[in-house]
Amino acid sequence: MTGGNLDIPATFAARESERDILHTRYLNEQLVRVLRTIGFDVGFKRGQGQYLYDRNDERYLDLLSGFGVFAIGRNHPTVREALRSVLDSELPNLVQMDVSVLAGVLSERLLGYLPYLDKAFFANSGTECVEAAIKFARGATGRPGILYAGHSYHGLTYGSLSLTDDKNFRGGFEPLLPGCKAVPFNDLAALERELSSRQVAAFIVEPIQGKGVNMPTDDFLPEAAALCRRYGTLFVADEIQTGLGRTGRFTAVEHWNVEPDMVLLSKSLSGGHVPVGALLTRKWIFDKIFDRMDRAVVHGSTFAKNDLAMAAALATLEVLKSERLIERADALGTRLMTNFSSLIPRHELLKDVRGKGMMIGLEFGAPKSLALKASWNVLETASEGLFCQLITIPLFKDHKILTQVAGHASHTIKILPPLMITEADCKWIEDSFSAVIAGAHRVPGAVWSLGKTLIDNAVRTRAPAREKAPAQA
Ligand SMILES: Cc1ncc(COP(=O)(O)O)c(C=O)c1O
């Protein structure tokens with residue numbers, strides 16, 4: 001498509017080979033160095049469904065899904081059609097002194113999935129939903145405190161960073177928001193100790209933690225919700241990553257029959273095309289915030305509720321339903337977990353497989369046998385968590401599978417496939433992981449030679465921590 005002198009596809013084709021130069025000069029040079037070091041700089045030029053194509057037309061299976069945004073796959077025709085039709089209809093969009101029709105219809109659809117909630121607030125990203133949740137919780141309860149779980153990830157703006165338990169992200173940016181405190185994930189006694197002060201506005205928690213794919217114990221979420229109710233604290237489920245079918249249910253809290261006071265959604269809500277976020281909550285909470293006409297816009301954001309985001313979200317919900325993707329995530333996720341788990345008894349480096357639906361973590365750890373242990377120690381001394389790159393790099397290079405590590409210094413590889421992958425894709429994943437994990441148990445072998453190269457690289461640049469691939473949230 002062209003417009004005036006601007007031809008986007010021609011610009012992409014003409015400048016594709018310069019992307020590293022442009023980014024080194026004008027954007028984030030460190031990311032260019034990371035991609036080059038781990039060999040992920042293949043120049044992706046096209047995305048379709050669950051597949052990415054590089055500049056040589058090699059096909060890759062994407063198990064990152066853009067950190068979880070492409071649940072329905074890239075460039076889904078239904079979403080593209082919805083976006084085109086918004087543009088072609090010349091809708092008024094963002095009038096501001098008007099109320100949006102599409103936002104009304106989308107609220108109705110979303111709340112239909114969560115009948116215990118009554119109101120929707122739209123934002124432009126995950127972190128904006130978290131910021132809104134902090135403000136709504138304080139505003140509705142009149143209390144200052146916010147509790148979050150150890151090992152959490154809620155985003156990187158100041159409020160959400162104040163609830164993110166990762167010193168790598170927090171370092172250098174303190175002081176953060178006052179009144180925020182971590183309690184260990186799965187520790188109900190610690191939670192109750194904090195709640196009993198009756199100064200806590202909200203407990204914000206990811207039902208399954210993205211960083212590490214940490215699972216709640218079966219009683220944690222229901223009991224935490226009950227404790228919150230007892231002490232007048234709002235229970236907020238950050239479903240930005242787990243929501244919209246990712247775990248095989250519309251929201252992950254459904255696995256434990258929990259009905260939070262607020263549910264936060266984002267990532268895959270618009271099919272990956274337009275930034276969007278949604279906070280769903282109870283009427284009394286909403287009414288405490290928007291309580292008078294002169295406070296009708298007391299919280300909001302200029303681009304929230306824009307027609308493109310609303311239409312893309314409506315189309316995404318349609319696709320989730322018509323293609324039965326939530327059921328598919330449940331069934332194929334179970335298949336993958338069963339297959340991965342069957343690798344544990346034969347592979348001493350693979351310690352655990354956990355998750356639900358299409359959110360799966362494979363945790364690696366120190367081996368027992370002497371030969372492997374020596375190699376493991378050398379690698380981990382050079383840089384904690386480096387071992388996982390010995391899995392992700394061959395998966396990418398030899399098997400054309402895109403994955404990453406589930407957190408800083410983490411030994412867990414997380415997979416977040418599009419929910420629409422096929423049985424054949426599952427076989428591709430299973431065969432590839434099986435081969436690479438088996439390869440990691442051979443010393444000497446190609447995988448450990450790669451380890452030596454990574455260490456040499458780290459030493460040569462004298463910046464080992466920076467040479468690791470950035471971790472997924
Ligand atoms: C659970 C969770 N909360 C919040 C966020 C922040 O979302 P965003 O990156 O859109 O700001 C993320 C992003 O990874 C997330 O996984």
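Brief remarks on what is shown
- Nearest-20 debye value, the stretch 278-335 charge dipole, Cβ charges on Lys, Arg, Asp, Glu: 180 debye
- Take the Cα of Arg460, go 7 Å toward its beta carbon, and the backbone nitrogen atoms of the stretch 28-58 under 19 Å from that spot belong to 30-42.
- Helix-only [θ]222 nm of the chain, DSSP H runs n ≥ 4, -39500 (n - 2.57) each, per residue, nearest 500: -12500 deg cm²/dmol
- Beta bridges per DSSP with both ends in the chain, % antiparallel, nearest 5: 65 percent
- Calculated FRET efficiency for the pair Asp291/Thr217, C-beta based, R₀ 56 Å, to 0.05: 0.90
- Lysines with Cα under 23 Å of Lys283, excluding same-chain neighbours fewer than 8 positions away: Lys119, Lys135, Lys305
- Rounded to 0.05, the FRET efficiency of the Val105 and Phe12 pair, given R0 = 51 Å and the Cβ-Cβ distance, is 0.90.
- Summing Cβ point charges (Lys, Arg +1; Asp, Glu -1) relative to the Cα centre of the stretch 71-126 gives a dipole of roughly 260 debye.
- Out-of-range pairs (alpha-carbon distance over 18 Å; input Lys351/Lys427; Lys351/Lys373; Lys400/Lys452; Lys373/Lys400; Lys211/Lys400): Lys351/Lys427; Lys400/Lys452; Lys373/Lys400; Lys211/Lys400
- By accessible area, using a 1.4 Å probe on protein heavy atoms only, the stretch 116-210 has 54% of its surface on carbon and sulfur.
- Dipole magnitude for the chain: about 760 debye, using +1 per Lys or Arg Cβ and -1 per Asp or Glu Cβ, origin at the Cα centre.
- Estimated inter-spin distance, Tyr231 and Val95, nm [label 7 Å along Cα→Cβ]: 4.7 nm
- A cut-off under 14 angstrom between Cβ atoms defines the neighbours of Leu117, and their net charge, with Lys, Arg +1 and Asp, Glu -1, is -3.
- Rounded accessible area per residue of the chain, 1.4 Å, Å²: 45 Å²
- Given charges at Cβ of Lys, Arg, Asp, Glu: the chain dipole, positive-most of Val319, Leu191, Ala382: Ala382
The values are calculated or read from the model by the stated rules, or taken from the named source; none is laboratory data. This structure is a prediction, so every number in the text was calculated from the model and none was measured. Reconstructed Cβ throughout: ideal geometry from the backbone, glycine too, with neighbour counts over all protein chains shown. Accessible surface is based on the protein model in full, side chains and every heavy atom, while ligands, DNA and RNA are left aside. Shrake-Rupley method; radii C 1.70, N 1.55, O 1.52, S 1.80 Å.
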